[in-house]
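Here's the structure, in C-alpha cells; my notes come after.
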Amino acid sequence: MNDKYHGFIRTLHWIMFVLFVIMFVFGFVMVEFEDSQPWAMFDFHKSTGVLLFGLVIIRLLARWITDVPPPAAEISATNHRISKSVIHFMYLLMVILPISGYAVSNIAGYQVSFYGLELPQIFPKNEDWESITHIIHEYGAYIFLGFIGLHLLGVITHHIKKIEILRRIT
C-alpha cells in the first residue's frame, strides 16, 4: 500500500482548500457589507458553494473507492482516532454547509444560481425557518473553521515532532 493518498484525492484536497478559503473570505466580507447589498458577492459565494458540494460528493466517492494510506507508525492509536474524528466532522460539515446555504437562500426567497445558471427552488420560502437556517449556516461555518484549525494544529504538531504526515497529501 502506498503511503500517499491517491493523486486525484490530493488534487481535490488542495483545490477544495483554496475554494474554502475563498468562500470564507467572501462569506465574511459580504455579511459585513450586507447593507450595501453586494449581490455579486452573494452570487459568487452561492455558486462556489454549489461547486464545493459537487466536489465533496466526488471526493467522498473517490475516497471510498481508493486506498487510504495506513496511519504513521509513530502516531498513537488515540491520536489516530482523534484525527479520524476531526476529518469525519469536517466531511459532515462540508455536506451540511452547502445544503444549509442553499436552504438559507431559498427559504429567504432568493434564487440560487451556478455561475449564472438558475438552479431549482428546492426549499419553499418560509419566514419561520429563515433565521434557523441562517444560524445553522453561519455557526456551522464557524464550527468548520474550528475543525480546520484542529486539522492544521495536528499537521503542525506532527511536523514539529518530525512525523511527516503532510507529505501524504502533497
Task: The listed residue being under 20 Å from Leu60 (Cα atoms) and touching a Lys or Arg at 6+ places or on another chain (Cβ under 9 Å), out of Met90, Met94 - done: Met94
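Based on this model, can you work out whether Phe8 counts as surrounded by fewer than 17 Cβ atoms within 10 Å (Cβ to Cβ) and either touching a helix residue (DSSP H, G or I) at 6+ places or on another chain (Cβ under 7 Å) or among the basic types (Lys, Arg) (or both)? Before you say what the answer is, go through the steps one by one.
On the way: surrounded by fewer than 17 Cβ atoms within 10 Å (Cβ to Cβ): yes; either touching a helix residue (DSSP H, G or I) at 6+ places or on another chain (Cβ under 7 Å) or among the basic types (Lys, Arg) (or both): yes.
When the stated conditions are applied, Phe8 passes them.
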- [ ] State whether one or more residues within the range 154-165 are touching a helix residue (DSSP H, G or I) at 6+ places or on another chain (Cβ under 7 Å), within 29 Å of Ile87 (Cα to Cα), touching a residue at least 24 places away in the same chain (Cβ under 8 Å) and not in a helix (DSSP H, G or I).
- [x] yes
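Kindly indicate whether any position in the range 93-108 is out of contact with any helix residue (DSSP H, G or I) (no Cβ under 8 Å at 6 or more places or on another chain), without any contact (Cβ under 8 Å) to a residue 40 or more places away in the chain, surrounded by 15 or more Cβ atoms within 10 Å (Cβ to Cβ) and under 25 Å from Val29 (Cα atoms). Working first, answer last.
If we filter the range 93-108 for residues that are out of contact with any helix residue (DSSP H, G or I) (no Cβ under 8 Å at 6 or more places or on another chain), which is where we start, we get 106.
If we keep only those that are without any contact (Cβ under 8 Å) to a residue 40 or more places away in the chain too, we end up with 106.
If we keep only those that are surrounded by 15 or more Cβ atoms within 10 Å (Cβ to Cβ) too, we end up with 106.
Imposing the further condition that a residue be under 25 Å from Val29 (Cα atoms) reduces the set to 106.
Yes: the range 93-108 contains one or more residues that are out of contact with any helix residue (DSSP H, G or I) (no Cβ under 8 Å at 6 or more places or on another chain), without any contact (Cβ under 8 Å) to a residue 40 or more places away in the chain, surrounded by 15 or more Cβ atoms within 10 Å (Cβ to Cβ) and under 25 Å from Val29 (Cα atoms).
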TODO: Take the residues in the range 132-170 that are of a type in the set (Ser, Thr, Tyr) and closer than 26 Å to Ser76 by Cα, then tell me which one is surrounded by the fewest Cβ atoms within 10 Å (Cβ to Cβ).
DONE: Thr170
Task: Residue within the range 3-19 that is assigned to a helix (DSSP H, G or I), farther than 21 Å from Leu93 by Cα and touching a residue at least 12 places away in the same chain (Cβ under 8 Å) present - done: yes
Open item on the list: Restricting to the range 56-75, and then to whatever is in a loop (DSSP other than H, G, I, E, B) and either among the aliphatic types (A, V, I, L, M) or out of contact with any helix residue (DSSP H, G or I) (no Cβ under 9 Å at 6 or more places or on another chain) (or both), can you tell me which residue is surrounded by the most Cβ atoms within 10 Å (Cβ to Cβ)?
Closed with: Ile75
Task: Which numbered condition Leu97 misses (of (1) in a loop (DSSP other than H, G, I, E, B); (2) within 27 Å of Gln37 (Cβ to Cβ)) - done: (1)
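For the range 109-129, give me the residue count where each residue is hydrophobic (A, V, I, L, M, F, W, C), in a loop (DSSP other than H, G, I, E, B) and in contact (Cβ under 8 Å) with a residue 24 or more places away in the chain.
Applying the first criterion (hydrophobic (A, V, I, L, M, F, W, C)) to the range 109-129 yields 112, 114, 117, 119, 122-123, 129.
Narrowing further to those that are in a loop (DSSP other than H, G, I, E, B): 112, 119, 122-123.
Filter once more, keeping what is in contact (Cβ under 8 Å) with a residue 24 or more places away in the chain: 112, 119.
So the count comes out to 2.
Values in this text are rule-based calculations from the coordinates and carry no lab data. The structure displayed is predicted, hence computed values, not measured ones. Reconstructed Cβ throughout: ideal geometry from the backbone, glycine too, with neighbour counts over all protein chains shown.
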